[in-house]
Every structure is written in C-alpha cells, then in structure tokens.
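So the structure is just underneath, and the comments pick up after that.
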Amino acid sequence: MKVCVLLLALPVLLSVCVARSPYQAVLQHSRIRGRAQGPNVCAMQQLKGTNKKYFTNCKQWYHRKICGKPTVITYECCPGYEKIPGEKGCPAALPLVNIYNTLGVVGATTTQMYSERAQLKEEVEGPGSFTFFAPSNEAWAALPTEILDALVSNVNIELLNTLHYHMVTGRLTSEELRHGSSFVSMYQGFHVHIHHYNNGIVTVNCARLIKPDQHATNGIVHVVDRVITAVSNSMHTLIDVDDDLETLGMAIAAAGLTSLLENEGQYTIFAPTNEAFEKIPKETLNRILGDPVALRDLLNYHILKDMQCAESIVSGTPMETLQGTVLEVGCDGDQMTLNGRAIISKKDHLGTNGVIHYINELLIPDSAKVLLELADGSSVATASKLFVEAGLSSHLTGSEALTMLTPLDDAFKGRDTTMTPDLRKLMTNHILKGQLSSKSLYDSQELETLGGIKLRVFVYRNNLCIENACIAAHDKTGRYASMFTVDKVLAPPMGTVMDVLKSESRFSVLVGAVQTAGMTELLNQQGALTLFAPTNEAFSALPPADLSRLMRDPQQLSTLLKLHLSEGILVSGGVASHSRVQPLEGEKLELGVRNYTVYVNKVPVAHADLMATNGVVHAVNAVIKPLPPKVDRQQNDGPAAASSRVDTKSFRNNEMFQKVVRSRSSRTMTQ
C-alpha cells in the first residue's frame, strides 16, 4: 500500500522539483490543487470583496488567508491555456498572436487602447522581440484623474513614453526575472527594477505581476497591477527633496549615513515623517540626536537589508535591519504593518537603490534607549513606577553601566506598593552594577547591587534565576544598561538558614527541634542548603505523645530533620515536573509543580523561597514522610486525594522511615 502511495505521489514530487523559480513553484502548486477540475486548471485565491487574486502556496491553501483576510478559491485556466466548450478543464493551448492582440486576449484592453492612441500599435504588431509589462484595466483606472488626463491628451508624447517605459527589448519570462535584476527599458535608457520573492511574488518597480508569462509571436506580456513610473533618483535624493522628511534628512546627515543611501544597493527604508519625530518627547529626541551611536542605531533600525515592496508581503515576516535586530513586517488587508501596527502612510516610493515607505511613528530600538525607556511596557508598569518613586530616576536615565531586574506586574499582586524606606532599599537592590547579559551568567556567580549586597545566580535545567527571581523574558539591551524581566520580586538573602527560622514565629518548634538535634551549627555554617521547613502547624498535626517522644530523642529528630534537608540551593523556579533531590537522610524527595504550587513528596509548599546566605527555606505545613516504594508518580504534581495533614500512624509505622532510623542508630552504636 505504501508503495502505491509513493508511486502516486511521484509525479507530484517530480513536477515540484522541476519548478525552478519561486513563482514557478507557486504556479505548480496551483496546478496541482486545480487538477481535479481538469487539465491546465490553476487554483487561485481571491481576497473576499476584492478582485485581487494570487496563485496559491501550501500555507495560503490551508490557512485560506492572505494579509490576515479570508480568501475564496477560484479555478482558472493556467497561463497559456483556454477552455473548449463541452470539455473539462482548459485543454487547448492559446494560439500565439502578436503583442497587440495578446493584450486583448489577457484582458489588458485599456493598455491595448492606449497603445493604439499613442501610435504604438504598429510597433507591437510588427517584427521584433519585446517584453511588455502591461498595466491592467484597474491599474489605469486607479491613476489620479489629473495624471491620466495629462497622459492621454491629444498629441501628447508622454503616453508613448509611459508605454515605452513598460517595455524591454527581448523576451523575458518569469524565470529570467531574477530577484534584484534590472533591465533597460525602451524609454531613454531608464531601467526597470525586478524583484522575485521567495513566496512567488514577482514585481517590476514594485508593481505585482498578476498575469505573468503570456506568450506572443513577437515577445511576451506580463500584466501588472499598476502603472509604473521612471526611477532616476537615489533614496537619499528622494528624502532630501521631500519637505515631509526634512527631520529625517538632517538626522541621516548627522549620523553619517548619506553615502549609504547614495550608493548602489537594495534597501528598504521605513521613513519617519516630521510628524513622527514630533511625537517623541523632546528630552528623548534631543538625547538621541545628540548621541551619534544611538542616532545611528535608531536610523539603521528603520532600514532593512533587502528591498521589500508592499505587494511582496502576504503575511507577517521577521526581517533583519541594518541595526542587527528584526522588524515584523506584515499586512492587514491593504495596509502594510510594522510590528503589528498600521503606521505606514505611503508605500513604494522607489529609488534607484531601494524603496521608501513613509511611517507616522518613530521606531526606537532598545539599543538607543536608557533604562527607564526599556521598562516602558504594560507588563512591568508597576516596577517602573516604583523605581521612579524610590528616587532612582538618575540611575535609570543616565549613562551608568547597570542591569535592572524588573519584576512583572503579576509579581506585585497582594503586596503593598506604598513607598517606604524598606521598599526603597528593596528597589535599589533590583539594580545591579555593570551591564550584563543573561547569556554570560553562570551558576554560583555573585552580582553586586547598587545597595551594596551580593546576589547569587542559580542555573537550572529549566530556568535561570537570581536568588528567588527567575528570568521571564529575553534581555533588553539598552544604550548603556540592560534589563532582565523577572517573575518575582527579589528576596535578598537575610542571614543564615538558622537566622531565617528564628526570625519567624511559625518556625519556633522547628528551631527547638534543630537545637535538640544538634544541627544549629549545620544551619549556620557557610554552604548551600535547601530546607523544607515544617511549621508549627506541621508539628501540631502529630499526636502529642509522639511529638513529645520525638522531641526528646535527638537521634530520631536529626534523622527526621535531615529528611527535610538537602545540599544545593533549589528555588521554586528551578523545580520542573518530576524533579528529584537527595536529602541528607533517606530516599530521594520527589518534587513537582501544579497550579504554580511546588509539592515535595505530595506535600504542598506553603511559602517558598525564604532566601538565606547559605541556602533557601521552603515552609511546609506538614511533616514530610518518605514515599512508599510503589507510588503513583502522576500524583507528584499535586496532592491528589492526599490531605496536607500527615497520617501520623502511617508515619510512625512507615517501613522506609523505620529503616532510616534503624540504619542511623546502628551507625551511632558502631561509632
């Protein structure tokens, strides 16, 4: 059966492989999709409510969308074929006629009429070999009335010149219209500029070829969707003579980019208008205009490395800028978009070395921003406000090399954000000395804050954390400083593990147990520990007699506490599904996360990430017991049917726990 499928698919694979250019590949896909309708039928996608049609590629076929708008499938004869009444599909090849008559056959009747009026008919009927980029009827109708009237007025050579600019000597098929190529037109040696995009779109001077490869006896016709005009100026000249781009022109000169925009190339400029510059706060604009590095980054962020005509965009695509980052260039119906916003006011202003699209908003890259501007976002608005209220604006707007740890807004839920001396100190400790990259951080690295304390870096398989706060988004690298977005408000270490326990009354029983077990020094010494600390509530869940007996037995108490203690620091952000840690006594502890709560041996952590200088404390409201040998591991991520209160009888009788106790007692007696 598989062989049959492969044999059936072979012609399709071969036909796709034969397609040599992106346009030919899309055309071939359209032919394959139209085969059920008969020979030489192509499936087209037409934007609902418009006459715009596209040969369809795989992605468009399944999504049924172009530029975010729904499409309908239509079936038409592929280029060069026609229907025969009573027969299926398009079995007949179109008879070859001269270019003039071909214009009528392909529906470019307005161009045909103007060819006659401009006395071009004899030329395109006679001998020779020409390529004619013929505007469609709709393209002529879209011209402003005053321009069209001037072109078609009596005894007006301009109409002939215009038509000649749409013509090239020689026969050029879509295969030969290669990306970035240009050809000398029949109008005073001016070139026409070709772009053949990977999605199968082909343009001439940014006009899309909507009916390519219509062969004639004396050449070939490509129907295009607009009337094209001669291109004679570089992009720099176009910007220099346009009053709407005066500020941009001055900025380009100040940044030393004039030669780039005068030389040969194939660039795309998203050109901010004067209005776009005026929308930026004067202080910010003056700072950037006065900083050659930031200004150059700003302008390069508006320039793509490749030329992108508006008609080449059929969906959102990330495109690299000269500044080194990307812009999401897309479309929404007829509107071209940048980073999802329809801010482009004028499209396809063509120069000899690229294309200009006008935009009414200035795009400021991170590399041209100070810290406060990097934090200008809805997801970190609370932290941004608190940094300012804490009196840190001079650091956030200056030229110091810093790194800001910026908690997400959700991290402040349930916290009092009224500015106090303690909160001011805390926000100061969210700013690190030096401009850092998260990619350069390593485990156990120490970072110094503006407040003078040291923070530790923890590298886990699933996360990168600084103390309890784990990085939640890509770095933002500014002009002088960087910003790390973190998932929690930072909890700087406050004393040793023993100090943390003593500082909270809910651990008073545990403190006494630690002292009785002789573990005070262990929890005070330098090192790296993770303690799942039973609260008073956890101990009160034990029967009074058992608790009393336990608290009088240092050895059994030590064994119990060491089941809750492991080497290494594991903050909650480092816990993945089915994590395991080895306690100082007993079998490995099973950890998991469910609904943002950490569980250890099915016991929920009531309060995570109490940071200490030598470890971390996680409060639990139940004494942890070893899991039985055969346990449903699916319950690791939550309490399942288990209560958070411990079954004390099963705890005392638990075979694994008794084994640990006997093993510990045996070693003690041997010693």
In the chain, taking the dipole from +1 charges on Lys and Arg beta carbons and -1 charges on Asp and Glu beta carbons about the Cα centre, the listed residue (Ala608, Ile239, Ala92) farthest towards the positive end is Ala608
Partner lysines whose C-alpha sits under 22 Å from that of Lys305, ignoring same-chain residues fewer than 8 away, are Lys346, Lys347
The alpha-carbon center of segment 509-549 and that of segment 296-335 are separated, in whole Å, by 61
Residues meeting the amide H criterion for Ala92 (H placed from the backbone, H to H distance under 5 Å, 5 or more places apart or on another chain) are Glu82, Ile84
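With Kirkwood's inverse mean 1/r over C-alpha pairs for Rh, give me the Rg to Rh ratio of the chain, two decimals please.
Values: Rg = 36.2 Å, Rh = 31.1 Å.
Using only Cα positions, Rg/Rh for the chain is 1.16.
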Extension length gain for Ala473 and Asn595 (0.36 nm per residue less Cα distance), in nm, is 41.9 nm
Interchain or sequence-distant (5+) residues whose placed amide H lies within less than 5 Å of the amide H of Ala271 are His357, Tyr358, Ile359
Amide H neighbours of Gly351 at under 5 Å, excluding residues fewer than 5 places away on the same chain, with H built from the backbone geometry, are Ile356
Per the 1/(1 + (r/R0)^6) rule, R0 = 30 Å and r from the Cβ atoms of Ala150 and Val97, FRET efficiency to 0.05 is 0.45
For Lys562, the lysines lying under 16 Å Cα to Cα, once residues fewer than eight places off in the same chain are dropped, come out as Lys588, Lys625, Lys659
Residue separation between Ile157 and Gln525 times 0.36 nm, minus their alpha-carbon distance, gives in nm 123.0 nm
Under 13 Å by backbone N from the virtual spin label 7 Å along Cα-to-Cβ at Glu138, the residues of segment 197-216 are 208-211
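Hey, got the dipole for the chain? About the Cα centre, +1 on K and R Cβ, -1 on D and E Cβ, debye to the nearest 20? Write down the numbers at each step before the final one.
Details: 62 positive and 65 negative charges, 712 e Å.
The dipole magnitude comes to about 3420 debye.
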Taking protein heavy atoms only, a 1.4 Å probe, and rounding to whole percent, the accessible area of the chain owed to carbon and sulfur comes out at 51
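I'd like to check one number: the per residue accessible area of the chain, probe 1.4 Å, reported in Å² as a whole number. Could you put the intermediate results ahead of the total?
Values: 31550 Å² over 671 residues.
The answer is 47 Å² per residue.
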Projecting the Cα atoms of Thr403, Ala491, Gln555 onto the charge dipole of the chain, where Lys and Arg contribute +1 and Asp and Glu -1 at Cβ, the residue farthest towards the positive end is Gln555
As straight-line cross-link partners of Lys413, the qualifying lysines (C-alpha separation under 21 Å, not fewer than 8 residues apart within one chain) are Lys385, Lys425, Lys488
From the Cα centre of segment 373-431 to that of segment 205-227, the distance in Å is 59
Pseudo-spin-label distance Arg64 to Asn360, built 7 Å along Cα→Cβ, given in nm, is 3.4
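How large is the helix-only mean residue ellipticity at 222 nm for the chain, computed as the sum of -39500 (n - 2.57) over DSSP H runs with n ≥ 4, divided by its residue count, in deg cm²/dmol to the nearest 500? Can you show the working numbers first?
Working: 27 runs with 213 residues, N = 671.
Computed mean residue ellipticity for the chain: -8500 deg cm²/dmol.
Relative contact order of the chain: what whole-number percent is it, with Cα pairs under 8 angstrom and at least 6 residues apart?
Values: 1331 pairs, mean separation 48.8, N = 671.
RCO, the chain: 7 percent.
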With 0.36 nm assigned to each residue of separation and the Cα-Cα distance removed, Asn274 to Ala576 gains 103.6 nm
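The values are calculated or read from the model by the stated rules, or taken from the named source; none is laboratory data. The structure presented is a predicted model; accordingly, all values stated were derived computationally and were not measured. Backbone-built Cβ (ideal geometry, glycine too); neighbour counts: all protein chains shown. Quick note on the areas: whole protein, heavy atoms, side chains included, nothing else; ligands and nucleic acids left out. Shrake-Rupley method; radii C 1.70, N 1.55, O 1.52, S 1.80 Å.
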